[in-house]
Amino acid sequence: MTKTPFLILFALVVALFVFAIATGNQMAAGGGALLLLAAIGYGTWQSKRATPAETARGERGARELREELAEDEARRGTR
């Protein structure tokens with residue numbers, strides 16, 4: 001999964017933010033906010049595109065972590 005489009009959007013947001021601060025331009029500040037919203041949306045969309053194998057691997061890792069935490073709590077006598 002490539003991160004290039006996200007990095008480009010982030011760079012544009014930073015550039016517009018700097019431009020808005022330097023010139024006091026409210027339009028640039030609004031454009032930067034819209035680009036930031038687009039970058040957040042793109043990042044969310046990309047993270048939702050997991051294959052079934054990736055989802056299963058993530059679920060397995062979460063289950064193992066919960067089991068380890070339960071074992072640690074039992075060993076310490078907490079809970």
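Each value in this text was obtained by applying a stated rule to the coordinates, not by laboratory testing. Remember, predicted model here, so these are calculated numbers, not experimental data. Here the Cβ is made from the backbone with ideal geometry for all residues, glycine too, and neighbour counts use every protein chain on show.
Annotations for the structure displayed:
- Ellipticity estimate at 222 nm from DSSP helix runs (n ≥ 4, -39,500 (n - 2.57)) divided over the chain, nearest 500: -30000 deg cm²/dmol
- Sorting 51-64, 6-19, 34-47 by average packing, meaning the other beta carbons within 10 Å per residue, from highest down gives 6-19, 34-47, 51-64.
- Membrane-span-like helices in the chain, defined here as complete DSSP H runs extending at least 15 Å along the helix axis by their C-alpha atoms with mean Kyte-Doolittle hydropathy no lower than -1.0, are 4-23, 26-48; this is a sequence and geometry rule, not a statement about a membrane.
- Each Cα pair under 8 Å and six or more residues apart adds its separation to the average, and for the chain the resulting relative contact order is 24 percent.
- Two-site FRET efficiency, T4 against E59, from Cβ-Cβ distance with R₀ of 25 Å, rounded to 0.05: 0.30
- Above 16 Å, the calculated P(r) of the chain contains 67 percent of its Cα-Cα pairs.
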